[in-house]
Amino acid sequence: MIVLYGSQTGSAEEVAERIAREASRRNFGPEVPCKALDAYKREDLVAEKLVIFVVATTGDGDPPDNMRQFWRFLLRKGLPSDVLAQLQFVVFGCGDSSYAKYNVMARMLRNRLLQLGAKEIADRGFADDQSQHGLEGDLDAWLPLMWTQVLQHYPLPPDFVIDDAPRLFAPRNEKIRTVEARTTSENGRPDEKGDDANVDATWSAWATSAASRAPFGTYSAKPFEASLVCNDRITAADWEQDVRHIELAFEEELPYEAGDIAVVYPENEVDEVRLARLLQKMDLPRLDTILELDVAHVPRHVSMRHLLRRYLDVLGTPRRRFFEALMFFAGDEEEKEKCEELSSREGNDLFHAYCKKERKSYLEVLEEFASVKVPLEYLVDMIPLLQPREYSISSAPRAHGRKRLQLTVAMLAFVTPWGRNVQGVASRWWAGMAPQHRLLCQIKKGTLRLPEAPETPLILVGPGTGVAPMRALIHERQQENVHLYFGCRSKTKDDYYRDEWNAMLEAKKLGSVRTAYSRDDPRRKVYVQRLVRDDGAKIADLLLQQEGVLYISGSAKQMPTDVKEAVQDAIAASLGQEGLDADAAKVQASRVVQVLQRKNRFKIEAWS
Ligand SMILES: Cc1cc2nc3c(=O)[nH]c(=O)nc-3n(C[C@H](O)[C@H](O)[C@H](O)COP(=O)(O)OP(=O)(O)OC[C@H]3O[C@@H](n4cnc5c(N)ncnc54)[C@H](O)[C@@H]3O)c2cc1C
Ligand SMILES: Cc1cc2nc3c(=O)[nH]c(=O)nc-3n(C[C@H](O)[C@H](O)[C@H](O)COP(=O)(O)O)c2cc1C
């Protein structure tokens, strides 16, 4: 058996690892392999006997980055319908039912495997971020059923006893050494030294060097070093939402196009006194100690400070598995029991309420469990790596050059059910960032592209920070056949870029801007989908008669679905005027939108 996963932010990967562990405890071999789909040799699939696939859905029903190649390979035309006839499989999907394309990758993968002759030997399972008991709860409910079905095909030996009791794993770094002084560089990675200026220099040199390119970050494009030019709040100072216009300067020209995405590596903004206290409590080396370790994506020699600030996701939220390991390091019996409960199926609701809903961080948990002392070798395995954040670039090469990037970033902040104020990790980092701060950034291809023909009309629907890629396209095109639909809460508080649009309208570099204000009239909340409906006839004409394109960007929840419906209704109304009856027009309109999507003339770039 092998477990293969496609995971964007780590949940599906964690599920896959759990399934592989449980498989080992069910006689499938001492170490059942568990790999990202794109790290797996695809050609081997035809010889595989049993594969459990765990896949998340990202974007607007898209595959995670680490399964894109595999998915493209599987979709190849001309594969014989029995090419996977020898393969038995099971599929588990990680998704969120508040998205229109709920768990669509798991569904499509399952259908494709069946089409290619593979046999499903256990019912597929879905985890839903929205479900009452969370992802872990859905998994807990599915796993026993799945094992019952799978073990009918692979019966256990007569006296075999399944032992799912918590166990402490062996750490990947057997011994982490502390290094007193600078040492010679190994594996092309530079070393860090105690003083921060030097460490910063070596860090960025390492990250941007050819040697580190492949292993740096989870996304493998070349990283560029940037310096912050401005970080201006563009919502009113007394307004509830803090949105920033951020500009970054680069020494090199960036290989980017309007519509691309910046992948940025944030740092954990944590009070050093707090970190120092935690290290002291756990008998760990002090912040300025240099460590020698072997962890993918981390320099071989790194200071404790930077390990905690740049590499480990100490402000992220623990998963249940974290508590399974933590119990082995609790000195106090009561805390040990609490960890055991939080890591168990029975304690899932408690875990959900204590950790997930409250957005508790690793740091807070390690502080709250006062008797816990985690050895460094385990800590680097128990806390996952800090993930980069993606931002749609809101500038364009034509207007702003290739040595500058602009971003439009909302500072994420919310209050938990128990009334705790929580800030997003990157949001907290951006919020306090001053000019000249240096950071690392990669460029990723976006889904929204300017059509080659300049006469193609553009309809751009980008409420909130969804306006970012639209601003890039507007500045690249600079023509009157571009029409923007923007949405915000208040005309006087967060109608950002208004002056810029007015200037462009005046200069005839933009065709029209319609803005939906959702809070200005308490009796009537207006959202972009309303404006798209109001302008239905114009939009249908631009799409059908003038061969225009329509792009949507921003919140991945309800907005894209509602806008799509509004467009379909507009097309149906237009077809109705040509004589089609209402029902036929509706069916035809939905087909038209499907065709537009296939031709890349209707696209969505969405995030949560
Ligand atoms: C392709 C793409 C383009 C993007 N473009 C932009 C852009 O142009 N501008 C922009 O501002 N952002 C953009 N984002 C989002 C951005 O990448 C980050 O997700 C965002 O900045 C938040 O990061 P953070 O580290 O501050 O929050 P994190 O620390 O990562 O926290 C985010 C998590 O907090 C939780 N959460 C959020 N709200 C709540 C709540 N109310 N209650 C409980 N939990 C909650 C959710 O689990 C969420 O996943 C984009 C994302 C993608 C994928
Ligand atoms: C930007 C973004 C887009 C998403 N799009 C979808 C989607 O289209 N359909 C869905 O079912 N879930 C969607 N989700 C939810 C994820 O699939 C879900 O959170 C999953 O547990 C993530 O697994 P991962 O951490 O392995 O990537 C999306 C989440 C994010 C952050």
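The values are calculated or read from the model by the stated rules, or taken from the named source; none is laboratory data. Since the structure is predicted, the reported quantities are computational estimates derived from the model, not experimental observations. No Cβ is skipped: glycine too gets one built from the backbone with ideal geometry, and neighbour counts run over all protein chains shown.
Can you report the number of residues in the range 593-608 which are touching a residue at least 40 places away in the same chain (Cβ under 8 Å), within 16 Å of ligand 2 (Cβ to nearest atom) and out of contact with any helix residue (DSSP H, G or I) (no Cβ under 8 Å at 6 or more places or on another chain)?
Final tally of qualifying residues: 2.
Would the range 273-293 turn up any residue that is outside the structural domain of LEU439 (by TED's automatic domain parsing) and touching a Phe, Trp or Tyr at 6+ places or on another chain (Cβ under 7 Å)?
no
If you check ARG402 against the conditions, is it outside any loop (DSSP other than H, G, I, E, B), more than 16 Å from ligand 2 (Cβ to nearest atom) and modelled with pLDDT of 95 or more?
The answer is no for ARG402.
Quick one: which residue in VAL90, VAL46, VAL83 is more than 8 Å from ligand 2 (Cβ to nearest atom) and within 27 Å of ASP163 (Cβ to Cβ)?
VAL90
Please pick out the residue among ALA507, ALA468, ALA472 that is surrounded by fewer than 20 Cβ atoms within 10 Å (Cβ to Cβ) and either within 16 Å of ligand 1 (Cβ to nearest atom) or over 27 Å from the mean Cα position of the chain (by Cα) (or both).
Selected residue: ALA507, the only one of ALA507, ALA468, ALA472 that is surrounded by fewer than 20 Cβ atoms within 10 Å (Cβ to Cβ) and either within 16 Å of ligand 1 (Cβ to nearest atom) or over 27 Å from the mean Cα position of the chain (by Cα) (or both).
Consider TYR40 carefully, then state whether it is under 24 Å from the mean Cα position of the chain (by Cα), among the hydroxyl-bearing types (Ser, Thr, Tyr) and more than 16 Å from PHE92 (Cβ to Cβ).
In short, yes.
Working only within the range 68-97, note down all residues that are of a type in the set (A, V, I, L, M, F, W, C) and either part of a loop (DSSP other than H, G, I, E, B) or in contact (Cβ under 8 Å) with a residue 40 or more places away in the chain (or both).
Result: PHE70, TRP71, LEU74, LEU75, LEU79, VAL83, LEU84, ALA85, LEU87, VAL90, PHE92, CYS94.
Any idea which of LEU407, LEU458, LEU412 is near ligand 1 (Cβ under 8 Å from one of its atoms) and buried (at least 19 other Cβ atoms within 10 Å of the Cβ)?
Unique residue meeting the criteria: LEU407.
Please pick out the residue among VAL380, VAL372 that is crowded, with 19+ Cβ neighbours inside 10 Å, under 28 Å from the mean Cα position of the chain (by Cα) and of a type in the set (Val, Ile, Thr).
VAL380
Name every residue in the range 38-69 that is more than 19 Å from TYR99 (Cβ to Cβ) and either within 16 Å of ligand 1 (Cβ to nearest atom) or in contact with a Gly (Cβ under 6 Å, 6 or more places away or on another chain) (or both), in order of residue number.
ASN66 - this is the single residue of the range 38-69 that is more than 19 Å from TYR99 (Cβ to Cβ) and either within 16 Å of ligand 1 (Cβ to nearest atom) or in contact with a Gly (Cβ under 6 Å, 6 or more places away or on another chain) (or both).
Would you check which residues across the range 303-343 are free of Cβ contacts under 8 Å to residues at least 40 places away in the same chain and surrounded by fewer than 17 Cβ atoms within 10 Å (Cβ to Cβ) and list them?
Matches in the range 303-343: ASP332, GLU333, GLU334, GLU337, GLU341.
Looking at VAL298 and the list (1) assigned to a helix (DSSP H, G or I); (2) farther than 28 Å from LEU143 by Cβ; (3) at pLDDT below 95, which single condition is not satisfied?
Evaluating VAL298 over (1) assigned to a helix (DSSP H, G or I); (2) farther than 28 Å from LEU143 by Cβ; (3) at pLDDT below 95 leaves (1) as the failure.
Among the candidates ALA221, ALA249, which residue alone is in contact with a Lys or Arg (Cβ under 8 Å, 6 or more places away or on another chain) and in a loop (DSSP other than H, G, I, E, B)?
Being in contact with a Lys or Arg (Cβ under 8 Å, 6 or more places away or on another chain) and in a loop (DSSP other than H, G, I, E, B) holds for just one of ALA221, ALA249, which is ALA221.
If we keep just the residues of the range 1-14 that are out of contact with any helix residue (DSSP H, G or I) (no Cβ under 7 Å at 6 or more places or on another chain) and within 13 Å of ligand 2 (Cβ to nearest atom), which is farthest from LEU386 (Cα to Cα)?
ALA12
For the subset of the range 106-121 comprising residues that are among the hydrophobic types (A, V, I, L, M, F, W, C), more than 16 Å from ligand 2 (Cβ to nearest atom) and touching a residue at least 24 places away in the same chain (Cβ under 8 Å), which member is nearest to ARG25 (Cα to Cα)?
Applying the filter and picking the extreme gives ILE121.
Tally the residues that are in a loop (DSSP other than H, G, I, E, B) and not small (Gly, Ala, Ser), restricting the search to the range 334-391.
The qualifying residues number 15.
The rows are residues; the columns are (1) at positive phi; (2) part of a helix (DSSP H, G or I); (3) surrounded by fewer than 16 Cβ atoms within 10 Å (Cβ to Cβ); (4) within 14 Å of ligand 2 (Cβ to nearest atom).
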site	(1), (2), (3), (4)
ASP562	no, yes, no, no
ALA566	no, yes, no, no
GLY576	no, yes, no, no
LEU580	no, no, no, no
ARG591	no, yes, yes, no
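Any residue that is under 25 Å from LEU376 (Cβ atoms), in contact with a helix residue (DSSP H, G or I) (Cβ under 7 Å, 6 or more places away or on another chain) and at pLDDT below 55 - is there at least one of those in the range 174-186?
Among the residues of the range 174-186, not one is under 25 Å from LEU376 (Cβ atoms), in contact with a helix residue (DSSP H, G or I) (Cβ under 7 Å, 6 or more places away or on another chain) and at pLDDT below 55, which makes the answer no.
Looking only at residues in the range 122-161 that are aliphatic (A, V, I, L, M) and buried (at least 18 other Cβ atoms within 10 Å of the Cβ), which one is farthest from ligand 2 (Cβ to nearest atom)?
VAL150
Quick check on my filter: what residues within the range 409-453 are in contact with a strand residue (DSSP E or B) (Cβ under 9 Å, 6 or more places away or on another chain), more than 16 Å from ligand 2 (Cβ to nearest atom) and aliphatic (A, V, I, L, M)?
Within the range 409-453, MET411, ALA413, VAL415, VAL422, ALA431, MET433, ALA434, LEU439, LEU440, ILE443, LEU450 meet the criteria.
Can you give me the number of residues within the range 519-542 that are of a type in the set (Gly, Ala, Ser) and surrounded by fewer than 17 Cβ atoms within 10 Å (Cβ to Cβ)?
So the answer is 1.
Considering each residue of the range 116-140, count those that are within 21 Å of PRO318 (Cα to Cα) and either in contact with a His (Cβ under 8 Å, 6 or more places away or on another chain) or among the hydroxyl-bearing types (Ser, Thr, Tyr) (or both), and give that number.
Number of matching residues: 6.
If you check GLU17 against the conditions, is it within 16 Å of ligand 2 (Cβ to nearest atom) and not assigned by TED's automatic domain parsing to the domain that holds LEU312?
Taking the combined requirement at face value, the residue satisfies it.
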